[in-house]
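Report on the following structure.
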Amino acid sequence: MDSEENMPLEIAQLGQPVLRAVAQEVPLDRIAGADFQEFVAAMLETLEYEKGAGLAAPQVFVGLRVFLAGIHPAPAEGELPGIEVFINPTITPLGAETISAWEGCLSFPELLVLVPRPRAMRVEYVDLNGEPVVRELKGFAARVVQHEFDHLEGILTIDRAASTRDIIKASEIDTVREEEE
C-alpha cells in the first residue's frame, strides 16, 4: 500500500458474487510472506477505519479463508476490542443452546438481521505467525467469529434470518427494540 497508505480496502457490497463464493484455504507457506502480511495489515486498517467488529477476506474481494475479529477485551474503556487474525478456521458449536441477536454487516451496513447462533463454540485456526490455536468462545466473541466464518462459506446474515421480519433498516433498531419491550 505505497501511495495509498492508510486508505481502506474496498468492501464488497450485497450482490457482489465474491460474497457468495466459498473461500479457498490459505497455503501455510504463504502466511509469513510479505504479500500476505501486508494484506492482513490492510484488512486491519480497513476494519479500524470502518469501526467494525470483524472483517473477512471475501468482504474485500479476496477469496481466502482468513478473517479478523475483535474478540479480546478492549485495553481501556471506550477503546475497540483487540483483534485476532483467524486463518483457515474451523468451528464447532459447544452445546445446543442458541441465542438470537441483531447483527450488522459492513457489506450491507443499512441492514440489521436477527440471527440465531450457538451461544458457545470452539474455533481452531492458524494465527498470523503460522501457529495453530484452539479457543473456546461464548457471547459476543463467539457471535463475531461465527458471523465472519459464515463469510468464508458464502453465507450472509440474511440467509440465517428466520423470516423476512427479522431483517430491518439499521436506522429503525430503536423502534424495533421498543416494540420488543
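Here is how the numbers come out for the structure above:
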| read-out | value |
| --- | --- |
| Cα long-axis angle, helix 34-50 against the chain (0 to 90 degrees, to the nearest 10) | 30 |
| Cut-off under 5 Å, modelled amide H: who pairs with L64 long-range | Q24 |
| Lys, Arg +1 and Asp, Glu -1 on Cβ, resulting dipole of the chain about Cα centre, debye, nearest 20 | 700 |
| Distance (nanometres) between label positions extended 7 Å along Cα→Cβ at K138 and E50 | 3.0 |
| DSSP-assigned coil residues among GluC sites (Glu not before Pro) in the stretch 71-138, each with at most 16 further Cβ atoms within 10 Å | E77, E79, E97, E110 |
| Table column - 3J(HN,Hα) (Hz), the stretch 98-111, Karplus curve with 6.51, -1.76, 1.60, x for Gly and Pro | 10, 9, 9, 8, 6, 10, x, 8, 5, 8, 7, x, 7, 10 |
| Amide H contacts under 5 Å for A120, placed H, 5+ residues apart | L94 |
| Those chymotrypsin sites (Phe, Trp or Tyr not before Pro) in the stretch 23-73 that DSSP places in a loop and that have at most 14 other beta carbons within 10 Å | F61 |
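Since every read-out is calculated from the coordinates, none of them should be taken as a lab result. Please read these numbers as outputs of a predicted model, since none were measured by experiment. Every residue, glycine as well, gets a Cβ built from its backbone with ideal geometry; the counts of neighbours run over all protein chains shown.
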